[in-house]
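Trainee: The structure's right below; bear with me while I get my questions together.
Every read-out reported here was derived from the displayed coordinates using simple, explicitly stated rules and does not represent laboratory data. No experiment lies behind these values; they were computed from the predicted model shown. Reconstructed Cβ throughout: ideal geometry from the backbone, glycine too, with neighbour counts over all protein chains shown.
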Amino acid sequence: MTSLAAELSAIAKAAFADEGLSESFGHVQESDRPDMAQFQCNGAMQAARAAKMNPRAIAEKIAARLKADPIFSKVEIAGPGFINLDVTDAALAERAGAMAKDTRLGAPRTGEGKTAIIDFGGANVAKPMHVGHLRSSVIGDSLQRIFRANGWHVVSDVHLGDWGLQMGQLISEIGHRGIAPIYFDSDFKGPYPEQSPVTMEDLEEIYPAASAACKADPARLEEARKATADLQAGRPGYRALWEHFFAVSRFGLEREWGSLGIHFDLWKGEASVEPLIAPMIEDLKARHVTEESEGALVIPVAEEGDKKEMPPLILVKSDGAVLYGTTDLATIVDRVKEQNPDLVLYVVDQRQHLHFEQVFRAARKAHINGHAVLEHSGFGTMNGTDGQPFKTRAGGVMKLYDLIATMTDEADKRLVEKGLAKDYPADERADIAKKVGIAALKFADLSNFRLTDYIFDLDRFVRFEGKTGPYLQYAAVRIQSILRKAKEEGHASSAPVVRSPEERSLALQLLALPVKMQAAEDNRAPNILCEYAFELAQKFSRFYSEHHILSEADAELRAARIGLCEVTLATLAKVLDLLGIEIPARM
Ligand code: ARG
């Protein structure tokens with residue numbers, strides 16, 4: 001199924017070609033002035049510029065050809081040569097009917113045969129997740145859903161931070177506390193216990209203590225560095241401890257992300273590419289990609305025409321330690337070998353932009369990226385009302401489950417205010433409140449373009465009115481309940497008809513889905529779908545308030561309107577799913 005805009009473009013392209021002009025001018029898009037037309041084609045002006053002709057004259061010729069096509073109910077020339085187009089109601093209804101029958105709802109297939117790795121989440125083992133990780137998870141998850149829906153083979157990778165100094169800090173703190181002496185006994189030959197000596201909660205307490213100790217005492221910092229180096233060099237007891245840290249952290253993280261409906265295909269991290277680092281460095285040295293600089297091994301990445309300073313990527317420090325850039329480079333080697341991707345998207349805080357620019361340049365210079373395009377999709381920060389990165393009420397760092405609890409409580413209050421979910425069983429009610437709270441959080445995050453900073457405004461996010469997640473859930477629940485009633489009353493449904501302005505505007509909105517999904521992919525921008533979902537809900541609401549549906553006496557008309565409700569619900573549900581938002585069965 002091609003999109004309506006693509007279908008109209010094909011007609012206009014043929015018209016340009018028949019006039020001996022390049023068909024590239026035939027692009028048809030949604031009108032900028034919906035009050036004047038449904039679609040527009042600006043090609044006559046472009047063609048006129050290219051051929052040094054009068055744009056109006058070209059527009060007349062193209063319009064004359066378009067008028068011959070029965071799909072158009074209006075072909076008009078405006079201003080210097082815009083061609084304004086309307087489509088007949090019959091054509092809209094027919095395409096809305098076809099969309100209803102297509103399980104993919106006309107989604108584009110641009111990703112067919114292509115693989116994208118989406119690197120997001122990026123939490124650090126043993127360190128609490130912060131707001132940046134939350135944004136990365138919410139945006140990254142929506143992008144993985146969008147890319148998949150558009151036909152891509154997507155591999156999502158959490159890329160945990162599990163190889164840095166925090167590991168050595170934990171190990172040496174545990175050593176000091178004497179919690180698990182066998183891991184420090186160099187005479188012990190294993191096997192080490194299967195049960196972790198520490199829980200996730202222990203790590204949450206041990207890590208800040210370890211980090212404070214290292215700040216206060218240089219000797220402790222030195223110990224932690226040594227432990228990190230020993231771990232990275234493969235000391236068995238430390239490695240065994242690390243395995244426990246990783247496993248308990250993964251368990252906790254999977255639960256937290258899982259409760260947000262966020263899942264990853266791969267649970268790799270910095271440590272998983274450790275075996276690739278030494279051979280990679282040997283290879284890069286042999287091919288003279290690297291240079292020595294003040295005792296360190298670096299890859300110079302400055303290029304002619306750089307406007308700002310571009311420091312070299314440091315692979316190995318003078319003390320022999322490898323860095324964040326080294327593991328990121330080795331991860332590219334790993335990904336090219338394992339998945340051979342067409343695209344690798346890094347959904348990471350914009351403040352790491354320089355880092356990624358260095359890594360990408362180094363990878364291209366070293367020819368290790370296969371045919372993959374490497375791209376950083378950065379994002380801005382979620383701030384508190386004080387303009388600083390958001391913290392929970394308790395102050396300190398944000399914990400994801402605290403945040404979910406806060407959102408759920410607030411959602412529950414709103415349900416009471418609205419008189420929703422009244423008299424439902426307690427567990428169903430709690431489930432609804434949680435779904436609403438999460439929808440509020442995700443929608444608020446996704447509805448701004450990702451690079452824009454925004455302020456965490458709980459009160460606004462959880463409202464059932466305005467551009468919010470809860471409003472859209474409520475809109476979907478309302479259509480669900482209309483359709484449930486239709487079934488109970490034994491009403492049939494049929495292909496939609498389009499007669500009234502409200503039906504027309506709703507059908508046009510539905511048929512715009514493929515174009516919006518494509519734009520969301522192209523710009524790595526879920527906010528386009530947030531806007532789309534909001535407009536869809538509003539257009540449905542206008543249709544609903546102007547028309548009888550279940551109470552329509554004419555059975556054929558009633559069936560057609562029920563049919564229109566069905567595609568609207570399917571479309572809204574699909575878009576909400578692409579945003580990672582669940583719809584409660586009732587509210
Ligand atoms: N762990 C990193 C952090 O907390 C994010 C990792 C992002 N992904 C990557 N391939 N570098 O900042």
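Trainee: Just subtract the alpha-carbon distance of Gln538 and Thr88 from 0.36 nm times their residue separation and send over the number in nm, one decimal.
Mentor: On the way: separation 450, 0.36 × 450 = 162.00 nm, distance 2.26 nm.
Full extension of this stretch gives 159.7 nm more.
Trainee: Right, another one. Using 7 Å Cα-to-Cβ label points, what is the Glu428/Asn383 separation (nm, one decimal)?
Mentor: Taking the simple label geometry, Glu428 and Asn383 are separated by 4.4 nm.
Trainee: Using a 7 Å offset from the Cα along the Cα-to-Cβ direction at both Asp577 and Glu465, what is the distance between the two label points in nm, to one decimal?
Mentor: 3.2
Trainee: Can I ask one more? Stretched out fully, how many nm does the piece from Thr199 to Asp32 gain, at 0.36 nm a residue minus the Cα gap? It would help to have the intermediate numbers written out before the result.
Mentor: On the way: separation 167, 0.36 × 167 = 60.12 nm, distance 5.70 nm.
The span from Thr199 to Asp32 would gain 54.4 nm if fully extended.
Trainee: Here's something else I'd like to know. Add +1 for every Lys or Arg and -1 for every Asp or Glu among the other residues with Cβ under 13 Å from the Cβ of Pro514, and state the total.
Mentor: Details: positive: Arg95, Arg104, Arg109, Lys516, Lys574; negative: Glu7, Glu30, Asp102, Glu521, Asp522.
In short, 0.
Trainee: Looking at the square roots a ≥ b ≥ c of the eigenvalues of the Cα gyration tensor of region 1-127, which shape do they give, rounded for a/c under 1.5, prolate if a/b is larger than b/c, or oblate? Don't jump to the answer; show the numbers that get you there.
Mentor: Values: a/c = 2.47, a/b = 1.72, b/c = 1.44.
It is prolate, given that a/c is not under 1.5 and a/b is the larger ratio.
Trainee: Dipole of the chain, Cα-centred, from +1 at each Lys and Arg C-beta and -1 at each Asp and Glu C-beta, to the nearest 20 debye?
Mentor: The calculated dipole for the chain is roughly 1180 debye.
Trainee: Rounded to the nearest 5, what % of the DSSP beta bridges within the chain are antiparallel ones? Walk me through the numbers on the way to the answer.
Mentor: Working: 20 of 39 bridges.
Restricted to the chain, the bridges split so that about 50 percent are antiparallel.
Trainee: Still on this structure, please answer the following. Note the angle between two axes, namely the Cα long axis of helix 426-446 and the longest principal axis of the Cα atoms of the chain, as a number of degrees from 0 to 90, rounded to the nearest 10.
Mentor: Result, in degrees: 90.
Trainee: Another one. Quick check: from the Cα gyration tensor, does the chain come out rounded (a/c under 1.5), prolate or oblate? Working shown, then result.
Mentor: Details: a/c = 2.78, a/b = 1.55, b/c = 1.80.
Oblate, because a/c is 1.5 or more while a/b does not exceed b/c.
Trainee: Could you give the size of the charge dipole of region 497-560 about its Cα centre, using +1 on the Cβ of each K and R and -1 on the Cβ of each D and E, expressed in debye and rounded to the nearest 20? Please report the intermediate quantities before stating the final value.
Mentor: Values: 7 positive and 10 negative charges, 22 e Å.
Its charge dipole is roughly 100 debye.
Trainee: Assuming R0 = 45 Å, can you tell me the calculated FRET efficiency for the pair Thr103 and Asp185, based on Cβ-Cβ distance, to the nearest 0.05? Kindly include the intermediate steps, with their values, before the conclusion.
Mentor: Working: r = 60 Å, r/R0 = 1.33.
About 0.15, to the nearest 0.05.
Trainee: Could you name the aspartates and glutamates whose alpha carbon sits less than 20 Å from that of Lys189, not counting residues in the same chain fewer than 8 places away?
Mentor: Asp230, Glu243
Trainee: Report, ordered by chain and residue number, the aspartates and glutamates lying within cross-link reach of Lys435, taken as a straight Cα distance under 16 Å and ignoring same-chain residues fewer than 8 apart.
Mentor: Glu256, Asp402, Asp409, Glu410, Asp412, Asp427, Asp445, Asp577, Glu582
Trainee: Given +1 on the Cβ of Lys and Arg, -1 on the Cβ of Asp and Glu, and no further charges, what dipole in debye does region 160-212 carry about its Cα centre, rounded to the nearest 20? Don't skip to the answer; put the middle values down first.
Mentor: Details: 2 positive and 9 negative charges, 37 e Å.
In total the dipole reaches around 180 debye.
Trainee: Normalised by the number of residues in the chain, what is the relative contact order in percent for Cα pairs under 8 Å and 6+ residues apart?
Mentor: Details: 969 pairs, mean separation 87.7, N = 587.
Contact order relative to length: 15 percent.
Trainee: Stretched out fully, how many nm does the piece from Glu76 to Lys307 gain, at 0.36 nm a residue minus the Cα gap? Each step should come with its number before you reach the end.
Mentor: Values: separation 231, 0.36 × 231 = 83.16 nm, distance 4.72 nm.
Here the answer is 78.4 nm.
Trainee: I'd like to know which of Ala321, Gly384, Tyr346 lies farthest towards the positive end of the charge dipole of region 288-386, counting +1 on Cβ of Lys and Arg and -1 on Cβ of Asp and Glu.
Mentor: Most positive-ward Cα: Tyr346.
Trainee: For helix 165-177, what angle does its Cα long axis make with the longest principal axis of the chain, in degrees from 0 to 90 and rounded to 10?
Mentor: It is inclined by approximately 50 degrees.
Trainee: Ok, one more. Helix-derived [θ] at 222 nm for the chain: sum -39500 (n - 2.57) over DSSP H runs of at least 4, divide by residue count, nearest 500? Don't jump to the answer; show the numbers that get you there.
Mentor: Working: 20 runs with 308 residues, N = 587.
Result for the chain, helices only: -17500 deg cm²/dmol.
Trainee: While we're looking at this one, here's another question. Run the quick spin-label model on Glu488 and Arg239: label points 7 Å from Cα toward the beta carbon, then report their separation in nm to one decimal.
Mentor: Reported label-point gap for Glu488 and Arg239 is 6.4 nm.
Trainee: Follow-up. Place the peptides 526-532, 4-10 in order of packing, highest mean first, counting for every residue the other Cβ atoms within 10 Å and averaging per peptide. Write down the numbers at each step before the final one.
Mentor: Numbers: 526-532: 22.9, 4-10: 19.7.
Going by the mean number of other Cβ atoms within 10 Å, highest first, we get 526-532, 4-10.
Trainee: Given the options Pro311, Ala116, Ile562, identify the residue whose Cα lies farthest towards the positive end of the charge dipole of the chain (+1 on Cβ of Lys, Arg; -1 on Cβ of Asp, Glu).
Mentor: Of the listed residues, the answer is Ile562.
Trainee: Could you tell me what fraction of 2.2 N^0.38 Å the Cα radius of gyration of region 458-541 comes to, as a two-decimal ratio? Don't skip to the answer; put the middle values down first.
Mentor: Numbers: Rg = 15.1 Å, N = 84, 2.2 N^0.38 = 11.8 Å.
Output field value: 1.27.
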